[in-house]
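Notes for the one structure printed next.
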Amino acid sequence: MSNVRSDGQRKRVFIRTYGCQMNVYDSDRMADVLRPLGYALAAGPADADLVMLNTCHIRERASEKVYSELGRLRDDKAERRAVGRDLTIVVAGCVAQAEGEEIIKRQPAVDIVVGPQAYHRLPQLLAEAERKAAIRRAGKRLPGAGVLDTEFPAESKFDHLPAPQGVRAGSAFLSIQEGCDKFCTFCVVPYTRGAEYSRPVSAVLAEARQLVQAGAIEITLLGQNVNAYHGEAPASSLDGSTWSLGRLIRAIAEIEGVARIRYTTSHPRDMDDELIAAHGNVPQLMPYLHLPVQSGSDRILEAMNRGHGRDHFRRIVDRLRGVRPDLALSTDFIVGFPGESDADFDDTMRLVSEVGFASAFSFKYSRRPGTPGWAMPGQVAETVKAARLAALQALLGEQARDFNMSKVGTSVPVLFAEPGRKPGQVVGKTPWLQSVYADGPARLIGRIVDTRLTEGHANSLAGEVVGRDYEVAA
Ligand code: SAM
Ligand code: SF4
């Protein structure tokens, strides 16, 4: 298939990413797969020959956004065809996995539907889509227009992907684990991402080295259940046949050039001794942890099939703070899970007050088809969910502001990531993953620079760069 436009320019791809960091990583990897085919990156859909939507299925609103976007793309495709041009539309990610052929039925303008485990096969899928398009252009009829690949292939996609290029401003994601076997009763992930799988240690370390060579100084290890990691140990390992996440982090910290390590998302059940110890004795492991608790009510945690209660969560937090007192703790909450009473919600509010979070994400329960929660009695009214969410977010917002204020007046190393909204401004992250805005030249982007924090807000801080001659501070 030709990857050159009729005007002689290279074809362009635009990838729109919805949802979590795993999807950001996958989008980068899909761009890596398309690069050898000659595709350049487009600035937006209008400028692209190939538009890919890398979708999220976690909550109903996330899926619905995809269909609105597909409606716009269908109109664009029709306009282009009227003037002899074309647009190829691909739906990837978790909506693709969950809804498969339904997507093509609901929106026939879609050319390819590809699940999160099959995107290394994009070259073959694009060739097949092009073959079908050529038949259509010749005026022949085709049974089944789109191309579908939502298998969980026996081969791992990771063994078939080119070297990663996705380093942005010194920071890179590295996917080490996928899928989930925990089956929380609200969650679609075990169905869309499949069974839990850990990449072998040697493959992870090789990718980490490639990322450092490509300019990464911060690596964020990703997985739906990243701390359930149990990758096959290197042949030379004296530390058993599989390594835990804590052991892996120690090895990544030994790679020269790695200044910061983060990981997400974790499950309270998998915070083992080695990982907790790493928070105390691996200096590159940043003092920030996203540890979703979902609810403060033991009754609801059980109905959610979380496999941990509120006391278990509190004990883990105490141990983590024992080894790393300045740890910034972040979490996720779901309000209005089926059967959640006022008393259950009060338990959640109490847990928040007792633990104290530096940041948090909180959601109204979204009823997902195919999950056990869908059929549970005691579905909570939307108005009740909304009132609980507002109360919870007010408390969490106060805690986030207090945490940010507690850093005002200190100087901290900030990894600058992008230009700010105002001219001459740059934005970066502290070790505790707070956003910091400061005046400074664009050359600071991708560097860690000491910055004095001058003002604190709920979602960000203002600062002044004080790193002498803008030297790297880490
Ligand atoms: N593996 C992580 C864990 O065990 O907590 C969560 C990963 S999930 C992709 C991210 C967050 O989405 C969850 O922590 C949960 O708060 C939220 N979420 C998942 N399913 C949801 C649903 N049906 N309704 C509302 N929020 C949901
Ligand atoms: Fe979903 Fe996380 Fe539960 Fe797995 S552990 S089912 S990813 S919420």
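Values in this text are rule-based calculations from the coordinates and carry no lab data. Remember, it's a predicted structure, so these values are computed and weren't measured experimentally. In this analysis, Cβ positions are derived from the backbone assuming ideal geometry, glycine residues included, and neighbour counts consider all displayed protein chains.
Quick notes on this structure:
- Projecting the Cα atoms of PRO200, SER175, THR242 onto the charge dipole of the stretch 173-273 (Cβ charges, centred on the Cα centre) puts SER175 farthest toward the positive pole.
- When peptides 369-379, 188-198, 227-237 are ranked by their average number of other Cβ atoms within 10 Å per residue, the highest-first order is 188-198, 227-237, 369-379.
- The stretch 1-93 shape via C-alpha gyration tensor axes, a/c threshold 1.5: oblate
- Loop-located GluC sites (Glu not before Pro) in the stretch 396-474 (DSSP state other than H, G, I, E, B) with a sparse environment of at most 15 neighbouring Cβ atoms within 10 Å: GLU471.
- Global form of the stretch 133-246, assessed from the alpha-carbon gyration tensor, a/c cut-off 1.5: prolate
- The listed peptides 317-330, 257-270, ordered by packing as a protection proxy, come out as 257-270, 317-330 (highest mean of other Cβ atoms within 10 Å first).
- Percent of Cα pairs exceeding the 18 Å cut-off, where the set is the stretch 106-174: 53
- Sequence-distant residues sharing a close amide H with LEU461 (under 5 Å, placed H): SER435, VAL436, TYR437
- With the convex hull of the Cα atoms taken as the outline of the stretch 208-258, the averaged projected area works out to 3.9 nm².
- Scattering curve values for the stretch 319-474, log₁₀ I(q)/I(0), Debye with Cα scatterers, q = 0.10 Å⁻¹: -0.49
- Rounded to 10°, Cα long-axis angle of helix 342-355 versus longest principal axis of the chain: 70
- Compared with the dominant Cα axis of the chain, that is its longest principal axis, helix 201-213 is turned about 90°.
- Cross-link table LYS65/LYS105; LYS157/LYS182; LYS11/LYS105, entries beyond 24 Å C-alpha to C-alpha: LYS11/LYS105
- Under 15 Å from the Cα of LYS140 - aspartates and glutamates, other chains or at least 8 residues apart: GLU130
- Distance from the alpha carbon centroid of the stretch 172-189 to that of the stretch 193-249 works out to 15 angstrom.
- Relative contact order (percent, whole number), the chain, Cα cutoff 8 Å, 6+ residue spacing: 10
- Among 39-48, 25-34, the order from most to least packed when residues are scored by Cβ within 10 Å on average: 25-34, 39-48
- Using alpha carbons only, the radius of gyration of the stretch 61-129 set against its Kirkwood radius gives Rg/Rh = 0.98.
- Crossing angle, helix 60-82 versus the chain [Cα axis fit, 0-90 degrees, rounded to tens]: 30
- If the Kirkwood radius is taken over C-alpha pairs of the stretch 198-317, then at 20 °C and 1.002 mPa s the Stokes-Einstein diffusion coefficient equals 140 µm²/s.
- Principal axis box of the stretch 402-474, alpha-carbon based, largest edge first, Å: 31, 25, 16
- Ellipsoid semi-axes in whole angstrom, largest first, where each is sqrt(5λ) of the Cα gyration tensor of the stretch 293-385: 26, 13, 12
- Orientation-averaged projected area, Cα convex hull of the chain (nm²): 24.2
- The stretch 158-272: antiparallel DSSP beta bridges as a percent of all, rounded to 5: 40
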